[in-house]
1. Remind me, relative contact order of the chain in percent, using alpha carbon pairs under 8 angstrom and six or more residues apart?
2. At 27 angstrom or more along the helix axis (alpha-carbon based) and mean Kyte-Doolittle of 0.0 or higher, what helices does the chain contain? Whole DSSP H runs only.
3. Any idea what the dipole of the chain comes to, in debye rounded to 20, about its Cα centre with Lys/Arg Cβ at +1 and Asp/Glu Cβ at -1?
4. Would you work out the Kirkwood radius for the chain? I mean one over the mean of 1/r across all pairs of different Cα atoms, in Å.
5. Put a dot 7 Å past each Cα toward the Cβ at GLU90 and ASP22; how far apart are the dots in nm?
6. Between ALA264 and GLU183, what is 0.36 nm times their sequence separation minus the Cα-Cα distance? Round to one decimal in nm.
7. I'd like the FRET efficiency for ALA12 and VAL249, computed as 1/(1 + (r/R0)^6) with the beta carbon distance as r and R0 of 45 Å, rounded to 0.05.
8. Treating the Cα atoms of the range 58-135 as identical point scatterers in vacuum, please give the log10 of the normalised Debye intensity I(q)/I(0) at q = 0.12, 0.19, 0.25 Å⁻¹, two decimals.
Amino acid sequence: MSTSSTPAGTAAVAADFDRRTDAVVRALSLFGIMPGMVVAVVVAVLVSPLLGVAAVVVVAGAWAVAVHLRARGSLDKVLATTGATRMAPEDFPRWTNVVDGLSVTSGVGDAELWVLDGDEANAMAAASTERSAIVVTRGLVESLSVVELEGVAANLLGRIKDGSARYGTVTFALLGGLLGSVEPAGRVVADGLGEQRSVQSDLAAVGMTRYPPGLAAALEHLERIGTDVPSAVPSAAQLWLASTSADDVGVDPAIARTALQPLAYRAAVLHEL
């Protein structure tokens, strides 16, 4: 079993993801110095050197504030792309009860529950510093057994607990427009998530439920039903439980390799435990 499934291991992974997330925010904040310098040179030449120095401070400071505000609003930005609506507990009582039970086990409380209407079976975990959310499709919660739902819920709650959901959410908000078209941006996200992130999330989930066959059956069930989500944006692929489009159209290849490994492969790994 992966050491990340232990309390000490999970805490270490979470601390590492927090450092990686904050490092991306800091790096992009400092990037504002570059346009600040350009403005400073123009102002210094056309007006005065003193005002040029002031221009650097103003432009770089405004850029940094914008980056931090965008990071803080990253969860709302992600949720807005899904087309999901807030779930009422009475709408899907089986799913709500499963999440409530595992929230105690995982230590992740108050995750917002959202639902996306559709027959496909897929789910997403997203988080910011203050909040977290789980989005599921109607097809998933209506089709899976309770044991399979427990495996899915453990996977999603585990992503929130270990910090990978926050990393994926913040990098989507800050780099989303570049993912899939600018290779370095995709590498930043993929390298931060680490190798075989989806498999690592599966292993952490079964460390929580102590029942690998449950999640394995859920992944196999998802493959049979289909996981395509027409409303999903490719730049948020790292947040979903499984691929949201055939052949991962538009998804950065580096992110697809680490975050969207084939469901059959992931189920096979679990069957070997």
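1. Reported as a whole number, the value is 21 percent.
2. 7-30, 49-72
3. Magnitude of the dipole: close to 880 debye.
4. The answer is 19.3 Å.
5. 4.4 nm
6. My answer for the length gained is 26.4 nm.
7. That pair, ALA12 with VAL249, gives E of 0.80.
8. -0.44, -0.86, -1.24
Any read-out appearing in this document is the output of simple, stated calculations on the displayed coordinates, not a laboratory observation. All values derive from a computational prediction rather than experimental measurement. Glycine also receives a Cβ, built like all others from the backbone with ideal geometry; neighbour counts cover every protein chain displayed.
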